[in-house]
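One structure below.
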Amino acid sequence: MEEDNRGKQLEEAIIENYKQEEDMMILVFAQWCINHGLEPEELYRVAYPHQDSNERLLRVRKLTVSREEAGDIPLDTVLGVLSMFGNEDLAMVVSEAAASLSSERK
C-alpha cells in the first residue's frame, strides 16, 4: 500500500515537472513573439486552427515583458523548445513568421 502511494506521488511529481517545463516552453514562444511584434495567440491559431484558444498560453502570456525589457531569444531556441514538446506545426508557423520578418527588413 505504501509503495502504491509512493508511486502515485512520483507520478504526480513527474506530471507537475512536465507542466512547469511546458509553461516555460510557452513563455519562450510568447516572449519571442512579443520581441518581434507578433501576437502569440494569432500564430497559435494559424498552427492549430481547429483548437479553441489555449488557456495556458493566455495565462503564461501574462508573464511576458515588453520587447525593451526582454533579452534576445534566438530563433533556434524557440524552434528547439517547440520541437521538444511536439509542437511541430507551431514551429513551422514560427519559422515562416521569422522568414517573413527577415524579408521585410531587407
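Of note:
- Excluding ligands, DNA and RNA, the accessible surface per residue across the chain is 69 Å² with a 1.4 Å probe.
- Sum of -39500 (n - 2.57) over DSSP H runs of 4+, divided by residues of the chain (222 nm, nearest 500): -24000 deg cm²/dmol
- With contacts taken as Cα pairs under 8 Å at a separation of at least 6 residues, region 1-105 carries a relative contact order of 30 percent.
- Cα Rg, Dmax, the chain, angstrom units: 16.5, 66
- Expressed as a whole percent, the accessible surface of region 1-105 that belongs to carbon and sulfur atoms is 52, based on a 1.4 Å probe.
- Of the GluC sites (Glu not before Pro) found in region 40-101, the ones in coil according to DSSP and having at most 14 other Cβ atoms within 10 Å of their Cβ are E68, E69.
- Intensity falloff of region 34-73 expressed as log10 I(q)/I(0), Debye formula with alpha-carbon point scatterers, at q = 0.14, 0.26, 0.33 Å⁻¹: -0.35, -0.94, -1.15
- Student exercise, the chain dipole from Lys, Arg, Asp, Glu Cβ charges, in Debye to nearest 20: 440 debye
- With respect to the chain, whose longest principal axis is taken over its alpha-carbon atoms, helix 88-105 is tilted by about 20°.
- Stretchable slack from S53 to S103, in nm (0.36 nm times residue separation minus alpha-carbon distance): 15.1 nm
The values are calculated or read from the model by the stated rules, or taken from the named source; none is laboratory data. Treat the numbers as computed from the prediction; the structure is a model and nothing was measured. So basically every Cβ, Gly included, is an ideal-geometry build from the backbone, and we count neighbours across all protein chains shown. Ligands, DNA and RNA are stripped out before the accessible areas are found, and what is left, the full protein with its side chains, is counted by its heavy atoms. Shrake-Rupley method; radii C 1.70, N 1.55, O 1.52, S 1.80 Å.
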